[in-house]
Amino acid sequence: MTRGKFITLEGGEGVGKSTNMAFIKNYLFQHKISVVVTREPGGTVLAEKLRQLLLDKNSEVISDQAELLMVFAARAQHIKHVIEPALAKGEWVLCDRFTDSTYAYQGGGRNMRISAIEWLENMVQGALRPDLTLLLDAPVEIGIERARSRAEFDRFESEKICFFEQVRRAYLLQAELHPDRIKLIKANQPLIDVQRALIEIIGTFLR
């Protein structure tokens with residue numbers, strides 16, 4: 001059986017990931033592709049509980065090291081129980097965030113050692129990497145303004161602007177380091193143009 005493809009969607013706050021996840025899912029369905037849609041942190045019962053702890057701004061102060069380990073603990077469960085089984089069955093996996101988020105938020109935002117993230121990435125994931133990553137990028141001020149129109153900010157969304165500037169720079173660095181895998185889409189353009197760009201990239205990926 002042909003192994004499925006692994007597509008991830010990345011980006012900072014307010015770049016339109018949720019809207020475009022639904023758009024990509026429908027686009028793949030139209031092309032008769034069986035898709036498992038999931039998210040990080042999350043995707044399993046344990047991983048969702050870790051997500052709740054990570055996002056709760058009213059919980060005890062979480063150290064940077066604990067945060068990083070919680071992210072990878074959730075990812076380990078997610079890979080074992082959702083991602084790998086689906087790919088092995090020939091299904092495609094569409095995931096809202098994956099390890100590029102860790103490089104951006106913990107590596108960039110928290111200024112944690114990249115070598116530590118790389119070590120955990122290799123230990124938890126082995127050879128598993130996304131086949132395609134779609135990075136939605138917008139100036140931080142625009143993304144935060146959009147995010148304000150949603151529900152109350154969670155623990156990450158409550159960070160200062162400088163944190164998100166560092167996250168964005170880390171994302172852009174990831175795109176420079178992995179140009180064959182990570183495709184950059186300007187998310188501050190009209191939605192119809194964003195989705196036209198997504199179709200162009202995914203259409204090429206399908207051929």
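FYI, it's all coordinate maths here, none of it is from the lab. Please read all numbers here as calculations on a predicted model, not as lab measurements. Virtual Cβ from ideal backbone geometry, glycine too; neighbours counted across all protein chains shown.
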(request) Please enumerate the residues belonging to region 180-198 that are surrounded by fewer than 13 Cβ atoms within 10 Å (Cβ to Cβ) and either on the phi > 0 side of the Ramachandran plot or touching a residue at least 60 places away in the same chain (Cβ under 8 Å) (or both). (result) Leu191
(request) For residues that are among the small types (Gly, Ala, Ser) and under 18 Å from the mean Cα position of the chain (by Cα), scanning just region 30-68, find the one that is farthest from Glu159 (Cα to Cα). (result) Gly43
(request) Could you pull out the residue among Arg75, Arg97 that is surrounded by 19 or more Cβ atoms within 10 Å (Cβ to Cβ), closer than 25 Å to Asp154 by Cα and out of contact with any Leu (no Cβ under 8 Å at 6 or more places or on another chain)? (result) Arg75
(request) State whether the residues of region 60-72 include one that is surrounded by 17 or more Cβ atoms within 10 Å (Cβ to Cβ) and free of Cβ contacts under 8 Å to residues at least 40 places away in the same chain. (result) yes
(request) Could you grab me the full set of residues in region 28-56 that are touching a residue at least 24 places away in the same chain (Cβ under 8 Å) and in a loop (DSSP other than H, G, I, E, B)? (result) His31, Ile33, Ser34, Glu40, Pro41, Gly42, Gly43, Thr44, Asp56
(message) Anything in region 14-27 that is without any contact (Cβ under 8 Å) to a residue 60 or more places away in the chain and more than 17 Å from the chain's Cα centre (by Cα)? List them, or say none.
(response) Asn26
(message) It is to be established whether one or more residues within region 154-171 are β-branched (Val, Ile, Thr) and surrounded by 11 or more Cβ atoms within 10 Å (Cβ to Cβ).
(response) yes
(request) Being closer than 16 Å to Ala104 by Cα and part of a loop (DSSP other than H, G, I, E, B) narrows it down to one of Phe156, Phe164, so name that one. (result) Phe156
(request) Consider Asp131 carefully, then state whether it is of a type in the set (Asp, Glu), within 23 Å of Ile7 (Cα to Cα) and surrounded by 22 or more Cβ atoms within 10 Å (Cβ to Cβ). (result) no
(request) Could you figure out which of (1) within 29 Å of Gln65 (Cα to Cα); (2) out of contact with any helix residue (DSSP H, G or I) (no Cβ under 6 Å at 6 or more places or on another chain); (3) in contact (Cβ under 8 Å) with a residue 12 or more places away in the chain isn't true of Leu177? (result) (3)
(request) Give region 128-153 a look and list any residue that's within 16 Å of the chain's Cα centre (by Cα), assigned to a loop (DSSP other than H, G, I, E, B) and of a type in the set (D, E, K, R), or say none. (result) Arg129, Asp131
